[in-house]
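Working notes for the structure below.
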Amino acid sequence: QVDRFVMPDVLDACCGTRMMWIDKNDKRALFVDCRTESFSIAPGRAYKYGAELFVAPDKEASFTALPFDDESFYHVVFDPPHHTSKRLGKTGTGILEKKYGRLSDGWDDMIASGFAECFRVLKPKGTLVFKWCETEIPLSRILKLTQEKPLYGHASGKKAQTHWVAFLKG
C-alpha cells in the first residue's frame with residue numbers, strides 16, 4: 001500500500017506565524033515559508049502575558065521559487081514581508097522581523113518574482129489574495145510589480161495601512 005500525499009487546494013506562500021489564519025492548522029491549506037523557528041516575546045503592550053510564536057511551515061521554501069507544478073492550487077495567499085532595514089534596523093532581532101520577515105536589497109525583484117510564482121502555481125480562474133502593509137512602500141508601487149489586474153481590495157487597520165487585494169487568474 002502506497003501512502004499518498006494529497007495536495008491541498010490552498011497555498012499560503014509565506015505563512016510566517018500564520019497570524020491571519022482562524023485555524024492555524026487548517027488541512028485545506030499547505031503552509032510554506034523560507035524558515036522554521038520559534039521565539040519568545042516578553043510581556044508588554046502587544047502581548048500582556050508574553051507569547052511563544054512559531055514559524056512552522058509544512059514545506060520550507062522561498063515564495064520566489066515554489067517547488068510545485070504549474071496550476072496546482074485553486075487559491076493562493078501571498079503575504080510577503082513588507083519592512084526593510086530602514087524600518088527594522090540592522091540587528092535582525094525585532095518582533096516585526098521575527099513575525100513577518102524582512103525585505104532585503106532588491107526587494108522589488110523579490111516581490112515581482114513572488115507574484116510570478118504565485119500566479120504560476122494558481123489554477124486558471126483561481127484566486128490570489130495579497131496582503132500588504134504600506135508603512136514604508138505604497139501599495140500602488142507594489143501592484144506595478146505584477147502584470148495581473150487586481151479584482152478588488154480593501155484597506156484595514158486603525159490607520160488603514162494594511163491592504164487586502166484579490167486577484168482572479170485570467
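The values are calculated or read from the model by the stated rules, or taken from the named source; none is laboratory data. These numbers come from a predicted model, not from an experiment. Quick reminder, even Gly has a Cβ in these numbers, built from the backbone with ideal geometry, and neighbours come from all protein chains shown. Surface areas here come from the heavy atoms of the whole protein model, side chains and all, with no ligands, DNA or RNA. Shrake-Rupley method; radii C 1.70, N 1.55, O 1.52, S 1.80 Å.
Tabulated values for the structure
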{"read-out": "Residue within the stretch 58-66 that is crowded, with 16+ Cβ neighbours inside 10 Å and among the aliphatic types (A, V, I, L, M) present", "value": "yes"}
{"read-out": "Members of the stretch 126-167 that are part of a loop (DSSP other than H, G, I, E, B) and of a type in the set (A, V, I, L, M, F, W, C)", "value": "ILE137, LEU145, ALA160"}
{"read-out": "In the stretch 14-46, the residues that are touching a helix residue (DSSP H, G or I) at 6+ places or on another chain (Cβ under 6 Å) and assigned to a loop (DSSP other than H, G, I, E, B)", "value": "GLY16, THR17"}
{"read-out": "Condition broken by TRP132, with the remaining ones in (1) more than 30 Å from ALA51 (Cα to Cα); (2) touching a Leu at 6+ places or on another chain (Cβ under 8 Å); (3) aromatic (Phe, Trp, Tyr) satisfied", "value": "(1)"}
{"read-out": "Every residue from the stretch 69-107 that is open to solvent by less than 60 Å² (accessible area, probe 1.4 Å), more than 15 Å from the chain's Cα centre (by Cα) and modelled with pLDDT of 85 or more", "value": "SER72, PHE73, GLY106"}
